[in-house]
Amino acid sequence: MRLLETVAAHEQGAPAKQLARETGLALPTAYHLLRTLVHEGYLRRDRGLFFLGEAAERLSSSGAQQKRRSTVTDTLARWRDAVGVPVYYAVYRDGEIGLIGVADTPANPAVEEWADFRETGHAHALGQCLLAQLDDAARRDHFDRYPVRPVTPYTVRDAASLLRSLERARETALAMERQEYALGTVCAAIPLRVGATAASVAVSLPVHQADRLLPTIQRLQAEMRCLLGSLALSISI
(Lines give C-alpha, C1' and ligand atoms only; values in the text may rest on other atoms or scores of the structure.)
Protein backbone atom coordinates (compact mmCIF):
# COMPACT_ATOMS: atom_id res chain seq x y z
CA MET A 1 0.00 0.00 0.00
CA ARG A 2 2.87 2.38 0.76
CA LEU A 3 4.32 1.62 -2.65
CA LEU A 4 0.99 2.39 -4.35
CA GLU A 5 0.64 5.65 -2.44
CA THR A 6 4.20 6.64 -3.29
CA VAL A 7 3.77 5.85 -6.98
CA ALA A 8 0.52 7.86 -6.99
CA ALA A 9 2.48 10.87 -5.71
CA HIS A 10 4.73 10.78 -8.80
CA GLU A 11 2.64 11.66 -11.83
CA GLN A 12 5.69 11.37 -14.10
CA GLY A 13 6.59 7.94 -12.69
CA ALA A 14 9.45 6.90 -10.42
CA PRO A 15 12.21 4.22 -10.55
CA ALA A 16 12.40 1.31 -8.12
CA LYS A 17 15.36 2.70 -6.17
CA GLN A 18 13.56 5.99 -5.48
CA LEU A 19 10.40 4.17 -4.44
CA ALA A 20 12.34 1.89 -2.11
CA ARG A 21 14.07 4.88 -0.53
CA GLU A 22 10.86 6.89 -0.05
CA THR A 23 8.93 3.97 1.43
CA GLY A 24 11.77 2.75 3.65
CA LEU A 25 11.74 -0.69 2.06
CA ALA A 26 14.85 -2.76 1.33
CA LEU A 27 15.56 -2.67 -2.38
CA PRO A 28 15.09 -6.47 -2.89
CA THR A 29 11.73 -6.26 -1.09
CA ALA A 30 10.68 -3.26 -3.16
CA TYR A 31 11.62 -5.04 -6.39
CA HIS A 32 9.62 -8.12 -5.38
CA LEU A 33 6.53 -6.10 -4.45
CA LEU A 34 6.77 -3.93 -7.56
CA ARG A 35 6.92 -7.00 -9.81
CA THR A 36 3.88 -8.45 -8.03
CA LEU A 37 1.92 -5.19 -8.37
CA VAL A 38 2.78 -4.97 -12.05
CA HIS A 39 1.71 -8.58 -12.58
CA GLU A 40 -1.63 -7.94 -10.86
CA GLY A 41 -2.24 -4.76 -12.85
CA TYR A 42 -2.00 -2.30 -9.96
CA LEU A 43 1.16 -0.80 -11.43
CA ARG A 44 2.65 -0.62 -14.90
CA ARG A 45 6.31 -0.22 -15.83
CA ASP A 46 7.51 1.94 -18.67
CA ARG A 47 11.23 2.55 -19.40
CA GLY A 48 12.21 1.73 -15.84
CA LEU A 49 9.57 3.97 -14.26
CA PHE A 50 6.51 2.80 -12.38
CA PHE A 51 3.01 4.27 -12.79
CA LEU A 52 -0.43 3.39 -11.44
CA GLY A 53 -2.06 0.61 -13.47
CA GLU A 54 -5.63 -0.03 -14.53
CA ALA A 55 -6.50 -2.03 -11.42
CA ALA A 56 -5.48 0.85 -9.16
CA GLU A 57 -7.46 3.29 -11.29
CA ARG A 58 -10.54 1.07 -10.94
CA LEU A 59 -10.11 1.16 -7.18
CA SER A 60 -9.94 4.95 -7.28
CA SER A 61 -13.05 5.14 -9.44
CA SER A 62 -14.96 2.79 -7.14
CA GLY A 63 -13.91 4.80 -4.10
CA ALA A 64 -15.13 8.02 -5.65
CA GLN A 65 -18.45 6.40 -6.54
CA GLN A 66 -18.88 5.11 -3.00
CA LYS A 67 -18.19 8.58 -1.66
CA ARG A 68 -20.85 10.06 -3.95
CA ARG A 69 -23.36 7.42 -2.85
CA SER A 70 -22.56 8.19 0.77
CA THR A 71 -23.21 11.87 0.08
CA VAL A 72 -26.63 11.05 -1.39
CA THR A 73 -27.50 8.79 1.56
CA ASP A 74 -26.48 11.39 4.13
CA THR A 75 -28.32 14.19 2.34
CA LEU A 76 -31.55 12.22 2.01
CA ALA A 77 -31.38 11.26 5.69
CA ARG A 78 -31.05 14.92 6.68
CA TRP A 79 -34.04 15.84 4.55
CA ARG A 80 -36.04 12.93 5.98
CA ASP A 81 -35.31 14.08 9.51
CA ALA A 82 -36.24 17.66 8.61
CA VAL A 83 -39.65 16.83 7.09
CA GLY A 84 -40.46 13.70 9.10
CA VAL A 85 -41.54 11.50 6.17
CA PRO A 86 -39.83 9.16 3.68
CA VAL A 87 -37.74 10.93 1.02
CA TYR A 88 -36.90 9.46 -2.39
CA TYR A 89 -34.36 10.46 -5.02
CA ALA A 90 -34.45 9.32 -8.67
CA VAL A 91 -32.82 10.26 -11.96
CA TYR A 92 -33.62 9.72 -15.63
CA ARG A 93 -30.57 8.42 -17.44
CA ASP A 94 -30.12 6.52 -20.70
CA GLY A 95 -33.86 6.29 -21.20
CA GLU A 96 -34.56 4.73 -17.82
CA ILE A 97 -35.94 5.83 -14.47
CA GLY A 98 -33.48 4.95 -11.74
CA LEU A 99 -34.34 5.06 -8.05
CA ILE A 100 -31.03 6.13 -6.52
CA GLY A 101 -31.85 6.44 -2.86
CA VAL A 102 -34.59 6.25 -0.23
CA ALA A 103 -34.49 7.48 3.36
CA ASP A 104 -37.20 6.31 5.75
CA THR A 105 -37.69 5.09 9.31
CA PRO A 106 -39.47 2.11 10.88
CA ALA A 107 -42.17 4.49 12.10
CA ASN A 108 -42.57 6.04 8.63
CA PRO A 109 -41.65 3.37 6.08
CA ALA A 110 -41.18 4.03 2.38
CA VAL A 111 -43.62 2.81 -0.21
CA GLU A 112 -42.77 -0.73 -1.23
CA GLU A 113 -41.68 -1.04 -4.87
CA TRP A 114 -44.28 -3.66 -5.67
CA ALA A 115 -44.37 -2.76 -9.39
CA ASP A 116 -41.15 -1.95 -11.27
CA PHE A 117 -40.47 1.78 -10.94
CA ARG A 118 -38.97 1.87 -14.45
CA GLU A 119 -42.10 0.49 -16.07
CA THR A 120 -44.61 2.48 -14.01
CA GLY A 121 -43.20 5.99 -14.25
CA HIS A 122 -46.60 7.25 -15.39
CA ALA A 123 -48.12 6.17 -12.06
CA HIS A 124 -45.80 7.48 -9.35
CA ALA A 125 -44.89 11.09 -8.59
CA LEU A 126 -41.16 10.53 -9.06
CA GLY A 127 -41.69 9.19 -12.56
CA GLN A 128 -44.21 11.85 -13.49
CA CYS A 129 -41.81 14.56 -12.36
CA LEU A 130 -38.96 13.04 -14.38
CA LEU A 131 -41.09 12.57 -17.49
CA ALA A 132 -42.28 16.16 -17.24
CA GLN A 133 -38.67 17.30 -17.62
CA LEU A 134 -38.10 15.39 -20.89
CA ASP A 135 -38.52 16.80 -24.38
CA ASP A 136 -41.27 15.43 -26.62
CA ALA A 137 -39.03 12.96 -28.46
CA ALA A 138 -37.60 11.45 -25.28
CA ARG A 139 -41.06 11.20 -23.76
CA ARG A 140 -42.50 9.46 -26.82
CA ASP A 141 -39.61 7.03 -26.78
CA HIS A 142 -40.30 6.26 -23.14
CA PHE A 143 -44.00 5.60 -23.74
CA ASP A 144 -43.19 3.39 -26.72
CA ARG A 145 -41.17 1.18 -24.40
CA TYR A 146 -43.36 1.56 -21.31
CA PRO A 147 -46.98 2.16 -22.35
CA VAL A 148 -49.44 3.82 -19.98
CA ARG A 149 -51.41 1.11 -18.18
CA PRO A 150 -53.41 0.88 -14.95
CA VAL A 151 -51.42 0.06 -11.83
CA THR A 152 -54.25 0.75 -9.38
CA PRO A 153 -57.89 1.79 -9.91
CA TYR A 154 -56.70 5.41 -9.57
CA THR A 155 -53.92 5.33 -12.20
CA VAL A 156 -54.25 7.67 -15.16
CA ARG A 157 -55.99 5.72 -17.92
CA ASP A 158 -54.43 6.93 -21.15
CA ALA A 159 -51.45 8.77 -22.59
CA ALA A 160 -53.46 11.88 -23.49
CA SER A 161 -54.59 12.39 -19.89
CA LEU A 162 -51.07 11.73 -18.66
CA LEU A 163 -49.57 14.30 -21.04
CA ARG A 164 -51.95 16.93 -19.66
CA SER A 165 -50.83 16.05 -16.15
CA LEU A 166 -47.18 16.21 -17.14
CA GLU A 167 -47.68 19.64 -18.66
CA ARG A 168 -49.16 20.87 -15.38
CA ALA A 169 -46.25 19.32 -13.52
CA ARG A 170 -43.81 21.09 -15.83
CA GLU A 171 -45.53 24.45 -15.34
CA THR A 172 -45.83 24.18 -11.56
CA ALA A 173 -42.57 22.28 -10.94
CA LEU A 174 -44.61 19.85 -8.87
CA ALA A 175 -46.05 16.38 -9.49
CA MET A 176 -48.63 14.94 -7.11
CA GLU A 177 -50.45 11.63 -7.21
CA ARG A 178 -53.08 10.05 -5.01
CA GLN A 179 -53.05 6.25 -4.82
CA GLU A 180 -52.01 5.96 -8.48
CA TYR A 181 -49.04 3.72 -7.69
CA ALA A 182 -49.83 2.30 -4.25
CA LEU A 183 -53.21 2.11 -2.57
CA GLY A 184 -53.35 4.03 0.67
CA THR A 185 -50.49 6.36 -0.28
CA VAL A 186 -50.12 9.87 -1.69
CA CYS A 187 -46.88 11.23 -3.12
CA ALA A 188 -45.44 14.53 -4.32
CA ALA A 189 -42.23 15.17 -6.25
CA ILE A 190 -40.25 18.22 -7.28
CA PRO A 191 -37.73 18.48 -10.13
CA LEU A 192 -33.99 18.77 -9.79
CA ARG A 193 -31.88 19.32 -12.89
CA VAL A 194 -28.12 19.68 -13.02
CA GLY A 195 -26.68 19.90 -16.51
CA ALA A 196 -28.40 17.41 -18.79
CA THR A 197 -29.51 15.08 -16.01
CA ALA A 198 -33.17 15.12 -15.02
CA ALA A 199 -33.67 14.23 -11.36
CA SER A 200 -36.45 14.36 -8.84
CA VAL A 201 -36.94 14.27 -5.08
CA ALA A 202 -40.21 13.06 -3.60
CA VAL A 203 -42.06 12.42 -0.34
CA SER A 204 -44.90 10.05 0.53
CA LEU A 205 -47.65 10.01 3.15
CA PRO A 206 -50.57 7.76 4.09
CA VAL A 207 -53.70 8.79 2.24
CA HIS A 208 -55.45 9.82 5.46
CA GLN A 209 -52.73 12.48 5.86
CA ALA A 210 -53.10 13.84 2.34
CA ASP A 211 -53.67 17.35 3.66
CA ARG A 212 -50.02 17.35 4.84
CA LEU A 213 -48.62 16.55 1.43
CA LEU A 214 -48.32 20.04 -0.05
CA PRO A 215 -46.90 21.67 3.13
CA THR A 216 -44.41 18.81 3.44
CA ILE A 217 -43.08 19.08 -0.10
CA GLN A 218 -42.85 22.85 0.30
CA ARG A 219 -40.78 22.40 3.44
CA LEU A 220 -38.57 19.94 1.58
CA GLN A 221 -37.99 22.57 -1.11
CA ALA A 222 -36.75 24.95 1.56
CA GLU A 223 -34.44 22.31 3.01
CA MET A 224 -33.09 21.46 -0.44
CA ARG A 225 -31.91 25.01 -0.99
CA CYS A 226 -29.54 24.54 1.94
CA LEU A 227 -28.03 21.22 0.83
CA LEU A 228 -28.56 21.19 -2.92
CA GLY A 229 -24.86 21.49 -3.71
CA SER A 230 -23.88 18.26 -1.97
CA LEU A 231 -26.55 16.26 -3.76
CA ALA A 232 -25.97 17.91 -7.14
CA LEU A 233 -22.36 16.80 -7.08
CA SER A 234 -23.56 13.21 -6.73
CA ILE A 235 -26.04 13.05 -9.60
CA SER A 236 -23.39 11.50 -11.82
CA ILE A 237 -23.68 8.18 -9.95
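The values are calculated or read from the model by the stated rules, or taken from the named source; none is laboratory data. These numbers were taken from a predicted model, which means no experiment stands behind them. Cβ placement follows ideal geometry from the backbone for every residue including glycine, while neighbour counts extend to all protein chains displayed. Keep in mind that these areas ignore ligands, DNA and RNA; they rest on the heavy atoms of the full protein, side chains included. Shrake-Rupley method; radii C 1.70, N 1.55, O 1.52, S 1.80 Å.
If you fit an axis through the alpha-carbon atoms of helix 213-232 and take the longest principal axis of the Cα set of the chain, what angle between them do you get, 0 to 90°, nearest 10?
20
Compute the projected area of the convex hull of the Cα atoms of region 69-174, averaged over all viewing directions, and report it in nm² to one decimal place.
Numbers: hull surface 29.9 nm².
Reported value for the Cα convex hull: 7.5 nm².
Can you send over the solvent-accessible area of E113, 1.4 Å probe, protein chains only, in Å² to the nearest 10?
In the full protein context, E113 sits at about 90 Å².
For Q209 and A160, calculate 0.36 nm times their separation in residues minus their Cα-Cα distance, and state this gained length in nm to one decimal.
Taking Q209 through A160 to full extension adds about 14.7 nm, to one decimal.
Using 0.36 nm per residue, how much length does the chain from A173 to R193 gain when fully extended, once their Cα-Cα distance is taken away? Spell out each step's value before the answer.
Numbers: separation 20, 0.36 × 20 = 7.20 nm, distance 1.13 nm.
Taking A173 through R193 to full extension adds about 6.1 nm, to one decimal.
Charges only on Cβ, +1 for Lys and Arg, -1 for Asp and Glu: so what's the dipole of the chain about the Cα centre, in debye to the nearest 20? Walk me through the intermediate numbers first.
Details: 28 positive and 27 negative charges, 128 e Å.
The dipole of the chain has a size of about 620 debye.
Taking the Cβ of R178 as the centre, find all other residues whose Cβ is under 15 Å away and add up their charges (Lys, Arg: +1; Asp, Glu: -1). It would help to have the intermediate numbers written out before the result.
Details: positive: R157, R168, R212; negative: E177, E180, D211.
Once all neighbours under 15 Å are counted, the net charge is 0.
Of all trypsin sites (Lys or Arg not before Pro) in region 1-56, which ones are in loop regions per DSSP and have a Cβ with at most 15 other Cβ atoms within 10 Å?
Of the trypsin sites (Lys or Arg not before Pro), the ones in loops of region 1-56 whose Cβ has at most 15 other Cβ atoms within 10 Å are R47.
Roll a 1.4 Å probe over the protein heavy atoms and report the accessible area of Y181 in Å², nearest 10.
The accessible area of Y181 comes to roughly 10 Å².
Quick one: net charge around S204, please, counting Lys, Arg +1 and Asp, Glu -1 for every other residue with C-beta under 14 Å from its C-beta. List each step's numbers first, then the result.
Details: positive: R80, R178, R212; negative: D104, E112, E113, E177, E180.
The answer is -2.
Give the angle, between 0 and 90 degrees and rounded to the nearest 10, that separates the Cα long axis of helix 54-83 from the longest principal axis of the Cα atoms of the chain.
Tilt relative to the chain: about 30 degrees.
Given a 1.4 Å probe and the protein chains all in place, what does the accessible area of S161 round to, in Å² to the nearest 10?
In the full protein context, S161 sits at about 30 Å².
Test of the criteria: in region 141-182, which trypsin sites (Lys or Arg not before Pro) are in a DSSP loop and have at most 16 other Cβ atoms within 10 angstrom of their Cβ? Working shown, then result.
On the way: sites: R145, R157, R164, R168, R170, R178; in loops: R157.
Counting only loop positions with at most 16 other Cβ atoms within 10 Å, the trypsin sites (Lys or Arg not before Pro) in region 141-182 are R157.
Rounded, prolate or oblate: which one fits the chain, using the alpha carbon gyration tensor with axes a ≥ b ≥ c (rounded when a/c is under 1.5, else prolate when a/b beats b/c, else oblate)?
Numbers: a/c = 3.37, a/b = 2.49, b/c = 1.35.
Judged from the Cα gyration tensor, the chain comes out prolate (a/c at least 1.5, a/b above b/c).
Taking K and R as +1 and D and E as -1, what net charge do the other residues with C-beta under 9 Å from the C-beta of L27 add up to? Please report the intermediate quantities before stating the final value.
Numbers: positive: K17, R21; negative: none.
Once positives and negatives cancel, what remains is +2.
On a 0 to 90 degree scale, rounded to 10, what angle separates helix 27-40 from the longest Cα axis of the chain?
That works out to roughly 40 degrees.
On a 1.4 Å probe surface of the protein chains, which of D141, D116, D135 comes out largest in accessible area, and what is the full order? Intermediate values should be presented prior to the final figure.
On the way: D141 70, D116 45, D135 95 Å².
Putting D141, D116, D135 in descending order of accessible area: D135, D141, D116.
Test of understanding: what is the full-extension gain from T36 to R225, defined as 0.36 nm times their sequence separation minus their Cα-Cα distance?
Here the answer is 63.1 nm.
Would you work out which of A160, A222, F51 lies farthest towards the positive end of the dipole of the chain? Charges go on Cβ: Lys and Arg +1, Asp and Glu -1.
Farthest along the dipole direction, towards plus: F51.
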